[in-house]
Amino acid sequence: MENGWWRGSGLDALLASITQLEQGLLRVLHALGLAPLVHGQPAWPFDMRVSAAMLTLDAAHARQVGTVLLLLAFAALALLLAALLRWPLRARRAAALMLGLGATGLGSAAWQWPSPVLLWAPAMPTSFHRLPEAAAASAPLHGAGLYARHCLACHGENGDGDGPRAAEGPRWPPTFNRSLLWRRSDGELFWHIRHGMRDAQGRSTMPALPGELPDEAVWQLVGWLQLHAAGQQLARAGEWQLPLSAPPMSVQCDGGPLRPLTALRGQRLRVVALGPRQPAPREDPRFQTVLLSPVARAQEGCLAVSEAAWQAYALAAGVPSQALAGTEFLLDRGGWLRARRRPDDAPWSDAMLVCRGNGSDRPAQALRVAASEGDGLDQLLARMDAEPVRPVRGGRLH
Ligand code: HEC
């Protein structure tokens, strides 16, 4: 358990502070005119960024980076105090002490400095770009067509890298159905699709998407690829091995205003894909139910009417959209898709947890839950709460 803290909440805190530092730096540079807009968002001006993937893989490295950050924060505080104390004459000795402490902090940070090979990962101007909401929402409708036209020949029908032209280039296309798409940030995928890729000898390994297609189309491809890969994983392995944030949609509750699904975060949600003639399921006080329908219908409770969202949930579930009706999904309080119940499945049970948390330093809790009383749904919800998801994509918090 010695390393447990660095795999659990300590690591979360470290990742969160690095994300905030990087994004804060990007905002400051943008305000100073040093990070101009590229493809609509401020461009990261450096060749490198902190490799958060390495932090999640190597606990000793993570501990070292955390220590250095604390030492730097300590040194900054001491030096600030030294500067403030310099003015009144009487405080000269205190100022000298602070200066000494600050210098010691800096020296220790330099001494502890992690190996550059572990610390840095290559970056590109769009490394910190996020998939825009509008493109994420329209991706399910347009992504498949774009993919079939421009990508399928190499990457194959299901993204396994087995298209008819796969063997033509100097490198074989990768499969999208393992962890690749999760290891890249939205912006890194965008950059590679927009500008193509080259090998170390400068030969083109993947062509750029034709220039006449707008950035919007590239983002739609990114969003579609991510959903499609998640669906392939679920269909093949029976689980989402990597966490998936619930696809966006607009929800109206009891005739109120339309709100984004994210406005309901903080509570557990059940999303029910409701076919045209299907009756709404019974409410359950253990979660808020959101009914998803591709066509308008008169309905009490919370309702999302959207063809695009219907397609998105079908993609994520790895089923054709006409087979989605009757499927239910459970979202945890952070908005992550965690469990799925198919139309013909038995009542909810913890076997339907299809995204296990990656804060897996808490197995003891999970076992206690399994042994406790309550119906299958209670056990499922308890496991969802006991095994939270670490929201990392491309090494950054979602
Ligand atoms: C001519 C074949 C070909 C076509 C067409 C093609 N790709 Fe690729 N793609 C590749 C190859 C080969 C690689 C591996 C390149 C490398 O690693 O240098 C690749 C890599 C990728 C990657 C992984 C990038 C990463 O970060 O490692 C993504 C994502 C991708 N392609 C998406 C697409 C999309 C989307 C399209 C359609 C717009 C597309 N590709 C069209 C051959 C192709």
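For the stretch 209-226, taking the residues that are modelled with pLDDT of 95 or more and among the hydrophobic types (A, V, I, L, M, F, W, C), the one that is farthest from the ligand (Cβ to nearest atom) is identified as W219. Does the stretch 156-171 include one or more residues that are closer than 30 Å to R333 by Cβ and either near the ligand (Cβ under 10 Å from one of its atoms) or modelled with pLDDT under 95 (or both)? The answer is no; no qualifying residue exists. Residues in the stretch 114-157 that are of a type outside the set (A, V, I, L, M) and in contact with a Leu (Cβ under 8 Å, 6 or more places away or on another chain): F128, P140, G143, Y147, H150, C151.
Within the stretch 25-40, if we keep just the residues that are in contact (Cβ under 8 Å) with a residue 40 or more places away in the chain and in a loop (DSSP other than H, G, I, E, B), the residue that is surrounded by the most Cβ atoms within 10 Å (Cβ to Cβ) turns out to be H39.
If we scan the stretch 58-79, do we find a residue that is outside any helix (DSSP H, G or I) and touching a Leu at 6+ places or on another chain (Cβ under 6 Å)? The answer is no; no qualifying residue exists. The helices (runs of 4 or more DSSP H) located wholly in the stretch 103-171 that include 3 or more residues which are surrounded by fewer than 19 Cβ atoms within 10 Å (Cβ to Cβ) and within 26 Å of the chain's Cα centre (by Cα) occupy 116-119, 133-150.
The values are calculated or read from the model by the stated rules, or taken from the named source; none is laboratory data. This one's a predicted model, so the numbers in the text were calculated from it and none came from an experiment. We place every Cβ from the backbone using ideal geometry, glycine too, and count neighbours over all the protein chains shown.
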